[in-house]
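A short worksheet on the structure shown next.
Derivation of every value follows stated rules applied to the coordinates shown; laboratory data play no part. Since the structure is predicted, the reported quantities are computational estimates derived from the model, not experimental observations. Neighbour counts are summed over all protein chains in view; Cβ atoms, including those assigned to glycine, are modelled from backbone coordinates with ideal geometry.
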Amino acid sequence: MMGRTIFIDPGRCIGCRACVSACRECDSHRGTSLIHLDLSDEGHSAASLPTVCMHCEDPVAPCAEVCPADAILVTPDGVVQQADPTRCIGCSNCVNACPFGVPVVDTRARLQMKCDLCYDRTAHGLAPMCATVCPTGALFYGTLEELRAERPGVRVADSFAFGDVVLRTGVATVVPADKVDWPVPGGLPVVEVNGVDVP
Amino acid sequence: MSDPQAEARADVSGGIPGEQPAQARAGAPPAGDAPAGALPAGDAPSPASLRASSVATAVSLLLVLAIVLGSRVLRNFDAALLPYAVATVFLAFGVAYRYMLWLSAPASRCLLRQARRGVFFRVRALFSRASLSRARHPLRTAARQRARAETRATARAGGTAQAPAFTAQAPAFTAQAPAFTAQAPAITAQAPAFTAQAPAITAQEPVFRERPRARRIAHQLLLWGSALAVLITFPLTWGWISFTATSAAGPGYELRVWGYRLAGFDALSIPGWALFHALDLAAVLVIAGAGYFLWRRMRDRGALTGQRFAYDLVPLLALIVVAVTGLLLTFSSLVLRGGGYEFLALLHMASVVFALIYLPFGKFFHVVQRPAATGMRRAAHPAAPAAQDGAAVLVCRRCEEPIGAASAIEDLRTTMRELDLGFDEWAEYCPRCKRQLRGAAYLTQVKKGYV
Amino acid sequence: MSPPGSGETLVPTHCCFCGVQCGMYLRVDRRGKVFGVEPRDHDINRMRLCAKGIEAYQQINHPDRLTSPLLRRTRDEPFRPASWEEALDLTAAEMRRIQDAHGRDAFAVLGGSGLTTEKAYLVGKFARVALGTRHVDHNGSLCTAAAATANHLAFGIDRAANPFSDILLSDCLLIAGANIGDTFPVLTRYLWGARDRGAHLVVVDPRETAVARTADVHVALRPGTDTAFFNAVLHVVDRDGLTDRAFLDAHTTGWEELRKTVAAYPPERAVAVCGIPAEQVERVAALFGAARNAMAWHTRGIEQHPRGADTCLSVINLCAATGNLGRPGAGYGTIAGQGNGQGGREHGQQYDTLPGGRSITDPAHRRATAALWGIEEAELPEAGTPMAEMTGQMRRGEIRGLLGLGNNALVTLPDHSSAQAAYDALDFHVQCDSFLSETAAHAHVVLPVATWAEDEGVMTNAEARVVKHNKAQDPPPGVRTDTWVLCQLALRLGHGDRFAFAGSREVFDELRTATAGAPVDYSGITYERLAETGGIAWPCPSTDHPGTPRLFEDGRTRHPDGAVHLHPVEWREPADPYDDAYPMTFTTGRAAAHYLSDTHQPPNLPRTKGS
């Protein structure tokens, strides 16, 4: 995980969508919200999950690797940027390759957009908009020490398992103490049991 | 508005000549040392890099040959323009090198493969109106088709279906009144609102905005101004175009290409004047376009927040300097009777050489790269999939929302496997399902509640 | 974050929408127009905001803003734009005409708790001094009447007993009838902070809301049965000896009566009435009773019932019996919903109150207020009727004219067809609003007034903390403030000398004087002190008094005997019980993105199809 990064705790999320509104206010992509807020158990409970770009570390930025136009750049501190509009051809390779479902493509302008950790804010020591306003702390921005100061004993994980591939991310996820050594399940493989998908 | 990190980012994009340009895999420091997907770490130059160098060298040599031959073995070559010609050779090397390097990465190589397939078997489609026009993204077409089909189906069914009578079920509801029934309708009632709000790649809602008209116009000015300038100056410096006088004193001139007489014109006529001053027109267009962009980058909040000096501002400044110094040359010859011409000529030459050598490594590489990438994409996946051809658009395995052209997804999976990204099966799910499945997995396997 | 050279300023203010009153900055461009929001590290919310607060600024320069008065003689005509002179003259003339023909009480004023406290004060003063009518009320009485009644009965004062920060110090939190996650999202952080320290969370709510989903105990009882539940919990608390006898003896009255009443509420009764397992009653009693410091917070979910005040009293009884009042982390509160839900009901905008929380029926209070306003005590009208009753009076023709401001009653009143009929029956209706709301669209005269960001003023949040809203931009040309409108009308009614206010500051100064020595004392609060401190909780009797974040620290309530009055309450069957024809209960929920009727303008707040 990156030194100063976002920590996501879905258990604390209340689905209020403040992050969605705040993301829209970031000057570098004003008017478009790039964070996703999904109901993990739709129709059954209020459980919700915010999704920001995970700024994958290993492999580095699969989205960038599959980009045929060399449009997605990564800063030395590991922040994966949005596709450069002068290069992006809107082919949606990154949209389909990203295992976290992060990038979106404006089909009209044929340009990709995605969370860039509010780079114009984080490059100046401010937190990204989503983590700044999150009313519950489900999105927290800072170092692990700062998180621990607020939540003593909190444990985090920064790797995800997709099938038998393990992907290490720049953004971390809060896990219970007994799940620290496992990668967080990414949702793959999806097996059908009695006609119902079981991740 | 630059900072060290942003500067380093410019390096990663290959902004400084002599550094290796990157295909985004910039995992390890130091900045600028960013190997492309196929390159191993270490000191030895990679195969891709060697290949790119040899192709670039060949291209440069070919250009030199072309210059020599085209100028009638240097007879029409103007020695005073030698630095310009040399700069163009460097430009050719840089462009070819970066181009080859770009194409060697798995993703672009894959797209090129698809494009070649497309060109050979869909030549007609390539030149069809649908392909040449501003091709709509396949998902927008798919969404439209679906909407039309739905409207037809509803019209046929004669309106919405009747709600099933629920009075018979009432006693069961009273017994259950607490948690369940009051809960589910609230959630599902909310869900449609939220999905409608999600930034849609199926283009349910026109949430995004295209580039505003002012930017498009400014870009056209910049484009055509630069194109005009290149069209005139490159052949001139190569000695491919020359002007000869028809007589010793008269106003008649001849325009010669590769030594062959193309047209004769009167230097004092309006077409003649326009021809001689075409470069000035180009300069005006460039200044208008680049000037707008520079102004925008000083005022527009969206631009101000992310821009980098080397990557965003230097190219604009370079073009403006080239254009301004060029105009000053005309100014000098027309108004100052040639005063200061030598100095201005030197200045102009220096700025042009800088701009040409810088071009392959900065933002303006998109001049070469973007048409190539767009062309490849169009050849590989021509515009609208056939209306009745369901196989042309792949739908999500879970929710059946269209996610893209089937051939594109298939090729993407191949690319992913080539890159050792073993989760290519995930590419057949739409982003929302990916997120929901991951959320559900977290709930069931990691943490259901608060702690 | 603002890039250098962009010429923008940040104006510190608070969100207008709910009783938390989160601090935020409004971003103002170099032309003086609000164009964005920036989080602010204010004591209450520490940079946090919910979707409404983030999107709120989009209302300000919205294209649908009204920019000129509109008027029409009858509702059959379309509106035509008019000058302020014409509109105000017509309004004043109609006021006189109706009052001359049908008596002073034939003209009513309906305010709102979205108005700043200065304006709310002016609404009350205008009704009673300029119009001399007894009919004045506000939309807040629709919501907070039950809790206000209960609070007055038990404590003699109507406000939350503890600040939000006490939540962090608590060991057991009981949240009843409150969907915190959707209605006060920022408060969730306080709940989570307490839980991180090991506090238990009990949520009493028929629905599994987002906060209820992860609570330690979620009591999903049948709607309308909360009184039975809390009585049962108190029964178990008493049975297991978890009551605080010392506190009961020293600071309460009525315990023996109460004890006898809850003896009839064993857990089995809660099972039968509420439809919950008995062990939940036991568990909640154990958690709440045994906790060192426990708090109970509730909102409209348990209050908006035919016997809502009883339910609130049953919660108060539980807190008092366990000695959980007046200590850090131990206490009670009802969370006011509207931005100025607390402040809007304190200073005379309500049918039965006078400024400073005084009572309009108390002779001493009446004399004090009359003296302050420069009128005879006999001229001060009697108590009026609550808003819900006023609609009946409008229908019957007892009220013929109405001035409405700070509300959208046609949408927010229950029983829409009756409300519609009531408004239709009015001879004359003038409404002040920034947009052509449903209510304004139904009026005879519409007066365009400024939004919350275009005037300074104070609001009081649910902790009874007074916070300062600052002016971020000038209103568009043709738009005036509610203050100016009321003063102009008063001028035309012959009371200009009592309404000579240049702006909010002057009104606030009068308000301070008006509340000196009253139960709700603002006299020590100034705009400057608010700017320095970020908010001051009343009572604040002098300018060097720090305010009163926590009540009852000395164990004394506002009753003359200083005790908490315990009232035994019985659970009663609902007025319309289940039967074969009506076997279901519908309970209203909330959406995090919307509030009252005024959040439909910001384009990015989610909406369901067709709404």
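Structural remarks
- Relative contact order of the stretch B:386-445, pairs being alpha-carbon contacts under 8 Å that are 6 or more residues apart, as %: 30
- Most tightly packed first, judged by the mean number of other beta-carbon atoms within 10 Å of their residues, the peptides C:66-72, C:358-364 read C:66-72, C:358-364.
- Mean Cβ neighbour count within 10 Å, used as a protection proxy, ranking B:244-255, C:380-391, A:33-44 highest first: A:33-44, C:380-391, B:244-255
- Total formal charge among the other residues, if their Cβ is under 13 angstrom from that of A:R87, Lys/Arg +1 and Asp/Glu -1: +3
- Rg ratio for the protein assembly as shown: its Cα radius of gyration over 2.2 N^0.38 Å, N being its residue count, equals 1.09.
- Cα-centre dipole for chain C with unit charges at Cβ (Lys and Arg positive, Asp and Glu negative), debye to 20: 860
- Note on the stretch C:195-255: with charges restricted to the Cβ of Lys and Arg (+1) and Asp and Glu (-1), its dipole about the Cα centre is near 160 debye.
- Excluding same-chain neighbours fewer than eight residues apart, the lysines reachable from B:K447 by a Cα-Cα span under 17 Å are A:K179.
- Whole-Å distance, taken between Cα centres, linking the stretch C:188-208 and the stretch C:97-168: 32
- Backbone N within the stretch B:253-275 under 15 Å of label point (7 Å from B:S247 Cα along the Cβ vector): B:253-254, B:265-268
- Positive end of the dipole of the protein assembly as shown (Cβ unit charges, origin at the Cα centre): among C:T369, A:P10, C:N45, the Cα lying farthest that way belongs to A:P10.
- Every helix of 4 or more DSSP H residues in chain C counts as -39500 (n - 2.57), and over all residues that averages to -9500 deg cm²/dmol at 222 nm.
- Shielding value for C:362-375 is 0, the average number of Cβ atoms from other chains within 10 Å of each residue's Cβ.
- Gyration tensor verdict on the stretch A:5-198 (Cα atoms; rounded if a/c is under 1.5, prolate if a/b is larger than b/c, oblate otherwise): rounded
- Relative contact order [Cα under 8 Å, 6+ residues apart], the stretch C:1-113, whole percent: 14
- Inter-chain neighbour count for C:188-195: the average number of beta-carbon atoms from partner chains within 10 Å of each residue's beta-carbon is 5.
- For chain C, the relative contact order is 22 percent, taking Cα pairs closer than 8 Å that sit 6 or more residues apart in sequence and dividing their mean separation by the residue count.
- Taking a straight Cα-Cα cut-off under 26 Å and skipping sequence neighbours fewer than 8 places away in the same chain, the lysines within cross-link reach of B:K363 are A:K114.
- If only the Cβ of Lys and Arg carry +1 and only the Cβ of Asp and Glu carry -1, the dipole of the protein assembly as shown around its Cα centre is close to 4740 debye.
- Charge dipole of the stretch B:386-445 about the Cα centre (unit charges at C-beta), most positive-ward option of B:C433, B:M416, B:I403: B:C433
- For the stretch C:220-283 and the stretch B:211-226, distance of Cα centres in Å: 75
- Partners for C:K33 among lysines (Cα-Cα distance below 21 Å; same-chain residues under 8 apart left out): C:K52, C:K468, C:K471
- Sites C:D509 and B:V451, calculated FRET efficiency, Cβ-Cβ separation with R0 41 Å, nearest 0.05: 0.20
- When the charge dipole of the stretch A:1-148 is built from unit charges on Cβ atoms (+1 for Lys and Arg, -1 for Asp and Glu) and taken about the Cα centre, the candidate among A:C94, A:L111, A:P68 whose Cα reaches farthest toward its positive end is A:L111.
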